Every structure is written in C-alpha cells, then in structure tokens.
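Read through the structure below, which is laid out as structure tokens, and then see the notes.
Derivation of every value follows stated rules applied to the coordinates shown; laboratory data play no part. Quick caveat, the model's predicted, so the values are computed rather than measured. Note: ideal-geometry Cβ built from the backbone for every residue, glycine included; neighbour counts use all protein chains shown.
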Amino acid sequence: MTDETVLILGAGPAGLSAAYECINRDVRPIVLDKENTVGGMARTNNCKGYYFDIGGHRFFTKNQRIGRLWQDMLGDDFLKVDRMSRIYHQGRFFNYPLDFINTLSNLGIAESLLIVLSYCKAQLLPYPQERSFEEWVINRFGSRLYRTFLKTYTEKVWGIPCHKIQSGWAEQRIKGLSLMSAVSNALIGTQKARSLINEFHYPLKGPGMMWQRFQQAILAGGGRVELNSKAVGLNHKNGRITGVTYIHNEKTVEVPVGHLISSIPITRLVSLLEPKTPDEIYKAAHRLSYRAFIIVGLVVDKKDLFPDQWLYIHSPNVQVGRIQNFKNWSSAMVPDPRKTSVGMEYFCTEGDEIWTMPDSDLTEMASRELSELGLAHMDDIQDSFVMRQPNAYPIYDHSYQKQLDIIRDFLGTIDNLQTIGRNGMHRYNNMDHSMLTGVLAVENIFGENHDLWDLNVDRGYLEEDDKTADRKLIPEKILTQTFARMDKLAFATAVGSVLGLIFFIATIWPVIIEGDMVDPRLILLAQYFIGYTVTIKGAFVASAYSFGWGFLLGWLFAYLRNLFIGLYIFRAKKKAELLSLRDFFDHL
Ligand SMILES: Cc1cc2nc3c(=O)[nH]c(=O)nc-3n(C[C@H](O)[C@H](O)[C@H](O)COP(=O)(O)OP(=O)(O)OC[C@H]3O[C@@H](n4cnc5c(N)ncnc54)[C@H](O)[C@@H]3O)c2cc1C
C-alpha cells in the first residue's frame, strides 16, 4: 500500500489505465493533462455532432487483461467491426490485405507478368548487402511490386525517401518474418493472426468514449483528472521527484509527489526536470524525433462515398495518405445518416510546409484532393474541421536506440519515477501496449518488479496470456533443434559403425559359440560381400563391407534430409514474406 500521492502525467490510454489501476487498489491518484479532453492521441473530437478520431483507432489485443478491461468498460457499446480497407491506386481499388486474384485483375496480365519477372530477378540477383529499406523490400518482393504498392505510401508516412530508411527498421516492424516464426506458422497455421486482420472492436462513438468511461470510473473512485493542466516543472532531489509544477487556467500550481508516472513525451519530461539534467541527457532527448499528423475532417452531403472504413492512398499526385470514412466504423459517428464524414490524413513534421499551412488552406487542399481522386464533388463538401497531432509517431532512426538508452539510464536513477506509454517510452506501440505499461507501473509501486522496457504485449507478459495464440507457436528451441542441419559425416560414420558391428557380431557369434553348427543363411552373405566366410576373418570382411554400405546410405539419407528441410524452410520463408506483404501497411 502507498499513502503517498501518485501523480500521473497525461490522460491518454496509458495514464488513465494507470489511474484506474490505482483506484482498484484504493489509491486516489491525480492525473494531469494539458488538453481539455481525455484520450490523448486516441481521443475523439466532437465537431458539431460529427465524431472524428485522430486516425481511426482499431481496438485489438492479444492481451486478455486489456481485452477484458475494454469489454467491461463499454459492454454493448463496444462494437465488433468487420474490417474493410482497400488501397486506392490509379483509380482502382485493391483489396487489402492484398489478394492474388483481385490484384491480378486490377493490374492486368501484362503488368502482373512484369511484377512476377521482377520478383524472380530479385530472387536470383538480390542486393548482396541490404543497406536501406528500399533494398530490403526489393530483395524480398522485387522492384516493380515495391514501386507499385510500397514506395509512395511508405514515403508519405515517414517523409523520407525509402533509400534513406534503415533496413533494420523493416525487420523490426514486420514481425513474423523470422525464419523460425515462418516455419512455426507453416506447421501450425496462422488462424489467430488472420482474424486480427479481418475484424476489430470499436466503441460506438469512437475511442474517446472509452477514455471518458475511464475518466468517470476514476472520478467515481475518488481520483482527480485535471484537464487544461500543463506540467511545466518536475523538481527532483536525492534521486527522487519531490513535486510537480503545472499551469491550470493560467494559475501556477505546485503539488508534492510520492510517485510520478509519466506518459508525456520523454523529450519533454527531460526538459522539465529541475535542477536541469546533465548536458549529455538533454542532447540525447533532443535527438529523438517524431512524425506529426493532421486530419482534415470533411462533412460531405452524400449518403455513401465508399464502403471501407479507410482507404490507403498511394497516388503520388496527392499528399493525402489515408482517408477515413467514420460512419463505416460506427453509424453513430455521424448525426445525419444522409451525410458522410471523412478524415483526410496528412503525415507531416512539426514546422514543415503542411504543418504550418493555415486551416483554410488545409481544408482547400483536402477538398480538392478528395475531388481529384474522384471520391466526392467539391460542391458536396459542407463543413470542415482541422485537427493537429504533434508527436504522433516516434521515429526509429539510426541513433534513436542509443539516445534512448542514455536517457533511460539517467531516469533509472530517479527512484519514484516511471515512464509509460507510447511517447513516454518513445515506442511505436498501440493502445493495448500503452495501457499495459500504465497498469504494470502501478503494480511496481505495490512491490512488483516489472521491467516496463522489456514488455512485449504480443508475446504476452502475464500468466493469463499463456492461452493466447503466440504461446501456441512452437518454441524456437524445439524448432532450431528439429530443423538443424544434420552432420552428414557424423551420421554416415554412426550408421556405418552400427551396421559393421551388427555383421561382425552376427558372424563371430556362431563361430565362437556354435562351432560347426553354422546357420546356412549366413553363408548366403558371400553373394553380397565378396570373400566372405563364416570365420573370424569373415567377420572382419563383413564388418568392413557393412560399414562401407552403411556409411554410404547414412550420408545419402542425411544429404537428402538436409536438402528437403532446406527447401521446406525456404518455401515457408518465401510464403511468410509474401503473406507479410498482404498487411504491410498495418506495420508502418
Ligand atoms: C494516426 C494514429 C493512428 C493510430 N491507430 C491506432 C489503432 O488503430 N489502434 C491502436 O491500438 N493504437 C493506435 N494508435 C496508437 C495510440 O494512439 C497510442 O498507442 C496511444 O494513444 C498512446 O497512449 P499514451 O497514453 O501512451 O499517449 P498519448 O495518447 O499521447 O497521451 C499522452 C497525454 O499526455 C498529455 N501531455 C503531454 N504533455 C503534457 C504536459 N506537459 N502536461 C500534461 N499533459 C501532457 C497529452 O495531452 C496526452 O493527452 C494510433 C496512433 C496514431 C497517431
């Protein structure tokens, strides 16, 4: 138990989950957030009755504890949605995840053939060293497929050319491409993974509804959620945070702190520490960077625009990256069923050309692009709202891990401080992972010893997750042993020696024990082993012959086994690579 104040910075999914866990343990936390609403990046904005997310937020998790929490909070208001999202490319809709027949019929025979040829070329003549994301993708899928489906969208999301993105990043993002998981999946199937792609949960009135319920539960349990409260200073002394200064309605407030849990961007946290951190830490924090995000909500006077929840827009002629159609997430997202609200999503960097555009220009651009894409007429657009999200995507550049380690080591010296959530830990994670870090941080206050930095929500952290799909993957150790290459020489020698010994004993036994009463069948061996007799000398002859044959057979067996296993693994890996392409954009 703790009698000290638990102060939580940020009322996003991570901070609210931490606060709710406090309430469950009879501790009344204080949550501060600089915004006037809860939910952080996962908030929902209500604009004249139209609900807009900051990018559509799918609720899916492999973590049962978080899954139950969501369900308990919303009950019947937690909808199950069948996913439909396609790629819009050169005026055509491509099914997403990509499927063979639809892609083929959209691209036409000639283009499909060229894609297959370029795939084969990449398999035969790959880049010897994969230095960039571009080379990494081309080696796996061929350059034509890369240019058709992957290049433009990836560059829109990250704002840098693909040849400048580190190749390691792709491997990190696209899990399931490891040899072992490919083989494991090939052996036991990928049912669970498939169902996660095809359906998800969504609150009736957007994700903000979930966080409002959390807020209500925290308030009902005696906690405080202070909105419009921006933390501006964190005092620390002798390895402990002693108090937090924040500004609420233009007034400066100071509050003493027993435990501090922070989900605000780690870069911001470092700059708030008083006394100031050593220069090295400050510099490391400012070397971490983010991608920002703008969503322009448009109300269109049309009942139906397209049936998808969202479209990926690949065309390089428009800047929009994705288009959300919120009534297809939940019909309650629009107040008038005769109208449609779309969210035109722009990936950008704080301070760049898009970020600094006045709202009127953003609205003009979004309306024009929607009409250029042929999805609506300019005249049908009735209203618009611009929402900006700084720090939307923590960037994993070549040095981020090094900088993060420096900051982590320093923050680790402050006893009563834990950082949680997406930007709190500079981890590109989803709501479930962010929430789990919050819950476990509170458990740490109560004596547990979770390493939040080592948390992998997909792997499952808690005992109850043992039942989830990933646990059913065959353990890597077993796979490594089963599919290890067989040593041909050792196996051949072993088989030869065993056979040699068997024939040696089979011959010498009757000679020593039975004397002249030799089994006539043994004599027949002379037909195979030239010079063989049932004598002591014959035993050595039989042993030499059978060793030779055994060695040959053993070698051949091991050779063929290695060959077949190699081909099997190769096939499983190629299949896994192609499958990962199907839902590639979910990982960006
Ligand atoms: C476009 C987009 C789409 C996404 N889609 C999905 C999805 O489909 N499914 C999914 O699971 N996840 C999705 N995510 C990720 C999800 O939004 C995050 O994982 C989640 O919101 C992180 O929660 P958090 O509490 O860690 O951080 P945040 O939501 O960022 O909350 C941090 C809070 O801290 C507050 N804050 C910052 N500075 C201060 C300060 N100085 N003082 C007080 N308060 C401060 C902020 O106002 C904010 O409310 C998406 C994210 C984006 C950007």
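Counting only whole DSSP H helices of the chain, the ones at least 30 Å long by C-alpha along their axis and with mean Kyte-Doolittle hydropathy no lower than 1.6 are 488-509.
Packing, as the average of other Cβ atoms within 10 Å across residues, places the peptides 441-454, 266-279 in the order 266-279, 441-454, highest first.
Starting from the Cα-Cα distance between Ser105 and Glu350, subtract it from 0.36 nm times their residue separation and give me the gain in nm to one decimal.
Result for the pair: 84.2 nm of gain on full extension.
Working note: 222 nm ellipticity from helices only, DSSP H runs with n ≥ 4, each -39,500 (n - 2.57), summed and divided by the residues of the chain, gives -13000 deg cm²/dmol to the nearest 500.
Using 0.36 nm per residue, how much length does the chain from Ser399 to His286 gain when fully extended, once their Cα-Cα distance is taken away? It would help to have the intermediate numbers written out before the result.
Numbers: separation 113, 0.36 × 113 = 40.68 nm, distance 1.18 nm.
Using 0.36 nm per residue and subtracting the Cα-Cα distance, I get 39.5 nm.
For the chain, the residue among Gln382, Pro337, Thr507 whose Cα projects farthest onto the positive side of the dipole built from Cβ charges is Thr507.
Here the calculated FRET efficiency for Val518 and Ser497, from their Cβ-Cβ distance with R0 = 22 Å, stands at 0.30, rounded to the nearest 0.05.
Of Lys205/Lys302; Lys151/Lys327; Lys230/Lys251; Lys48/Lys156; Lys283/Lys402, which pairs sit farther than 22 Å apart, going by alpha carbon to alpha carbon?
Working: Lys205/Lys302 20 Å; Lys151/Lys327 30 Å; Lys230/Lys251 10 Å; Lys48/Lys156 30 Å; Lys283/Lys402 12 Å.
Those over the limit are Lys151/Lys327; Lys48/Lys156.
Shown is the FRET efficiency for Cys120 and Leu556, computed with R0 = 41 Å from the Cβ-Cβ distance and rounded to the nearest 0.05: 0.85. Label separation (Ile505 vs Arg25): 6.5 nm, computed from points 7 Å beyond Cα along the C-beta direction.
If the segment from Gln481 to Leu113 were pulled out straight at 0.36 nm per residue, it would be longer than the present Cα-Cα gap by 128.5 nm.
Please give the peptides 122-132, 94-104 ranked by average Cβ packing (other Cβ atoms within 10 Å per residue), highest first, as a rough proxy for protection. Let's see the in-between values first.
Numbers: 122-132: 12.9, 94-104: 16.3.
Result, highest mean first: 94-104, 122-132.
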